[in-house]
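The values are calculated or read from the model by the stated rules, or taken from the named source; none is laboratory data. Because the structure is a prediction, the values reported are computed rather than measured. Ideal geometry is used to build each Cβ from the backbone, glycine not excepted, and the neighbour counts take in all protein chains shown.
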Amino acid sequence: MTHSFDIVSEIDMQEVDNAANQTIKEVHQRYDLKDANCGIDYNKKDKKITLTAKDDFKLKSVDDVLQAKIVKRGISLKALKYGEIEQSSSGNARQVINLQQGIDKDNARKIVKMIKDSKLKVQAAIMDDMVRVTGKVKDDLQTVMKMLKDADLEVPVQFTNHRENR
């Protein structure tokens, strides 16, 4: 009998939407950001959040609020990939944040290498944007999960699809 699970990197987009909406409400209520032309545009289809503000300092304040709301909703900040802060012709600051979902090939290879270097009797295989780990002993799989949780990976990881194959 073998056991398996998948290592994935997923974001609950509804929670991101909720965090963006809560950020908008808080920004509009805060006295220090009242006249700062602050805005947040969340594009679900492109998985992007665009922050705008009067200047870099106000933009950073809006970002701090957004990060607090995202963390509160159980989403890892590693899922946010920040673009450069751009100055628009009207003098406002703008920053695009891409939401990263799935494990890219480089990170998948790093995960597989970590698992192989652990010398546990498990196999790891890259499958599109996830990694599947199989093994005969459940404890080995749990050791792999703990090792990956403790590791400082570039992407947030979750463990899904736990199976027992006969």
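Observations on the model:
- Output for region 28-48, where each listed residue is closer than 13 Å to Arg94 by Cα and part of a loop (DSSP other than H, G, I, E, B): Ala36, Asn37, Cys38
- Odd one out for Val71 among (1) more than 14 Å from the chain's Cα centre (by Cα); (2) at pLDDT 85 or above: (1)
- Residue match in region 146-159 (condition: under 22 Å from Val27 (Cα atoms), exposed (fewer than 12 other Cβ atoms within 10 Å of the Cβ) and either in contact with a Leu (Cβ under 6 Å, 6 or more places away or on another chain) or without any contact (Cβ under 8 Å) to a residue 40 or more places away in the chain (or both)): no
- One residue from Ala68, Ala53 being loosely packed, with under 15 Cβ neighbours inside 10 Å and aliphatic (A, V, I, L, M): Ala68
- The C-beta contact set for region 41-55 (first residue small (Gly, Ala, Ser), second residue outside any strand (DSSP E or B), distance under 8 angstrom, 6+ apart or interchain) comprises Ala53/Leu33; Ala53/Ala36; Ala53/Asn37; Ala53/Cys38; Ala53/Leu59; Ala53/Ser61; Ala53/Val62; Ala53/Asn92.
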